[in-house]
Amino acid sequence: MISKRHFLKGAGAAALAAGILPLSACKARVDARTHPIILNAAPAEAPLLGELEAGTDVWAYNGTVPGPTLRVKRGRELAVRLENGLEQGTSIHWHGIRIDNAMDGVVGMTQEAVAPGAGFDYRFTAPDAGTFWYHSHNRSWEQVARGLYGVLIVEEEEPPAVDREITLVLDDWRLDEGGAIHADSFGSLRDWAHQGRIGNWVTVNGKPPGDIPIRAGERVRLRLLNAATARIFALAVEGHDAHLAALDGFAVDPAVPEQSVLLGPGQRADFVLDATGAPGKHYALLDDAYTDAKPISFLAYSDEAPLREQFDSVPRLGETRPPPAPDLADAQAVDMVMEGGAMGGLAQARLGGEMKGMRDLARAGRVWAVNGVAGDLDTPLLSVERGRSVRVAMVNDSAWPHAMHLHGHHFTVLSIDGAPAPGAGRVWRDTHLMMPRERAEIAFVADNPGKWFFHCHMLGHQAGGMRTWVEVT
Ligand code: C2O
Ligand code: CU
């Protein structure tokens, strides 16, 4: 963790103003027997600068950023109708859900873009309880950056014993001096070849960071999501012992006391947080990914007397069953070399079936390559028979971090830079944040048939070629 922080700080991103404001998100309880939830993707205004300022023009689901928080019980069907009120094609991807391939929402792989004015019906069963999210998967480097995302909570049949849940969705916007989304820099190859579209304005639940009301003695489940398209967050709650209870939706069992968590784009973490602070006090949620610790919200204690003085042992979120354990002895193995970007030394890569030099690649907007292929999707990284175990030896041969996301499956990280990864075989993720020059080996059982996108969730990197796919036959 330390070395990761170090790198990020060295990268020296712009310092962020710490503003103030709270959270709210409309909730939609979903039941298979009711009509589908409608998600209308369309231009809207959002109070990114705060309720007292003029709204910012965004693209949003049902007019809010984040979009409505969808909740469904594990094993129950979710039915959502996407309506496209944008002037470009769109789709919805259900990030982290081990979903039926046809519902995965990947334009160009599992469906066509939904045309302006048209709609699409998503219908699937969520097999795992946990914190997930949904977002556009067409021109996502622009559509997600403009606000097209929301939280999807799959509830446990028997929710863990906490008093309350707090969901914090972090985002990072690039705003111009007037507070509008900086549109001219969408698609900037310079961004894509570096860290991606790093912004200058952080929001929590679509607003400037602010107070999160809490009462002393409460036990809270904190759900954190990094919805930014490039920024990494390293989060810690001042003055509290928090227990890390889930990563990317899957329980970390037993929950472990953890002072901080590093969240790459797309990643989630659930904490059980006991409000052991004093009534009337404020405690910061700190981010120190790139700079010295800066508050990005405050736990604002009410003056009420503590709800309880003593806490029981930390509850398990244990209802999510871990994916099947991969059989490492009989696994299909593949190497995955990620190259390119600024200071990467990529000399050439395959594009449109031909080897091209860096200049031609850049002209085509492709500055990243996986196994020597600059974003072409004609052949998969590997094709594997359903049920077979897979090991992927990943090498980040570049000067930048990458948040590598596999669709349709959760994997376990076996090793990092040759050393056994903490949580190997026990922690399951859908996105692994790889540091520059890192080598990591991941494994999973390819038990979900279909074509599964595998890409960097720094979405400019993805558009710039950091992408491939896995075929499960
Ligand atoms: Cu969250 Cu392919 O994306
Ligand atoms: Cu990347």
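Would you tally the residues in segment 268-285 being open to solvent by 40 Å² or more (accessible area, probe 1.4 Å) and not in a loop (DSSP other than H, G, I, E, B)?
Counting residues in segment 268-285 that are open to solvent by 40 Å² or more (accessible area, probe 1.4 Å) and not in a loop (DSSP other than H, G, I, E, B) gives 1.
Report, ordered by the first and then the second residue, all pairs with beta carbons closer than 8 Å, sequence separation of six or more or different chains, a first member in segment 52-63 that is modelled with pLDDT under 95, and a second member that is of a type outside the set (A, V, I, L, M, F, W, C).
Between residues of segment 52-63 that are modelled with pLDDT under 95 and residues that are of a type outside the set (A, V, I, L, M, F, W, C), the close pairs are 53/47; 53/179; 54/179.
What strands (runs of 3 or more DSSP E) completely inside segment 300-393 contain at least 3 residues that are of a type in the set (A, V, I, L, M, F, W, C) and touching a residue at least 40 places away in the same chain (Cβ under 8 Å)?
The qualifying strands (runs of 3 or more DSSP E) are 332-340, 368-370.
Scan segment 118-130 and tell me whether some residue there is under 30 Å from residue 184 (Cβ atoms), open to solvent by 10 Å² or more (accessible area, probe 1.4 Å), more than 16 Å from ligand 2 (Cβ to nearest atom) and touching a strand residue (DSSP E or B) at 6+ places or on another chain (Cβ under 7 Å).
yes
Would you mention how many residues in segment 143-177 are touching a residue at least 12 places away in the same chain (Cβ under 8 Å), of a type outside the set (S, T, N, Q), open to solvent by 10 Å² or more (accessible area, probe 1.4 Å) and over 23 Å from residue 81 (Cβ atoms)?
Residues in segment 143-177 being touching a residue at least 12 places away in the same chain (Cβ under 8 Å), of a type outside the set (S, T, N, Q), open to solvent by 10 Å² or more (accessible area, probe 1.4 Å) and over 23 Å from residue 81 (Cβ atoms): 12 in total.
Checking residue 94 against (1) more than 18 Å from residue 83 (Cβ to Cβ); (2) touching a strand residue (DSSP E or B) at 6+ places or on another chain (Cβ under 6 Å): exactly one of these is not met. Which one?
(1)
Find the strands (runs of 3 or more DSSP E) located wholly in segment 66-161 whose residues include 3 or more that are within 13 Å of ligand 1 (Cβ to nearest atom) and in contact with a Ser or Thr (Cβ under 8 Å, 6 or more places away or on another chain), and list them.
Where strands (runs of 3 or more DSSP E) fall fully within segment 66-161 and carry at least 3 residues being within 13 Å of ligand 1 (Cβ to nearest atom) and in contact with a Ser or Thr (Cβ under 8 Å, 6 or more places away or on another chain), they are 149-155.
Restrict the check to segment 452-471 and report whether at least one residue is among the polar types (S, T, N, Q), within 24 Å of residue 126 (Cα to Cα) and within 16 Å of ligand 1 (Cβ to nearest atom).
No - not one qualifying residue is present in segment 452-471.
Quick check on residue 360: is it farther than 20 Å from residue 188 by Cα and either more than 16 Å from ligand 2 (Cβ to nearest atom) or open to solvent by 30 Å² or more (accessible area, probe 1.4 Å) (or both)?
No: the conditions fail for residue 360.
I'm told residue 391 meets every condition in (1) open to solvent by 30 Å² or more (accessible area, probe 1.4 Å); (2) within 13 Å of ligand 2 (Cβ to nearest atom) except one. Can you identify the failing condition by its number?
(2)
When segment 400-433 is examined, which residues are found to be assigned to a strand (DSSP E or B), of a type in the set (A, V, I, L, M, F, W, C) and either surrounded by fewer than 20 Cβ atoms within 10 Å (Cβ to Cβ) or more than 16 Å from ligand 1 (Cβ to nearest atom) (or both)?
Matches in segment 400-433: 413, 414, 416, 419.
What are the residues in segment 384-422 that are of a type in the set (Ser, Thr, Tyr) and under 22 Å from the mean Cα position of the chain (by Cα), if any?
The answer is 398, 412, 415.
Of 77, 87, which residue is without any contact (Cβ under 8 Å) to a residue 40 or more places away in the chain and either open to solvent by 30 Å² or more (accessible area, probe 1.4 Å) or closer than 11 Å to residue 134 by Cβ (or both)?
When all the criteria are applied, what remains is 87.
The values are calculated or read from the model by the stated rules, or taken from the named source; none is laboratory data. Model, not experiment: these values are computed from the prediction. All Cβ positions, glycine included, derive from the backbone under ideal geometry; neighbour counts span all protein chains shown. The protein model used for the area step is the full one, side chains on, heavy atoms only, and it has no ligands, DNA or RNA in it. Shrake-Rupley method; radii C 1.70, N 1.55, O 1.52, S 1.80 Å.
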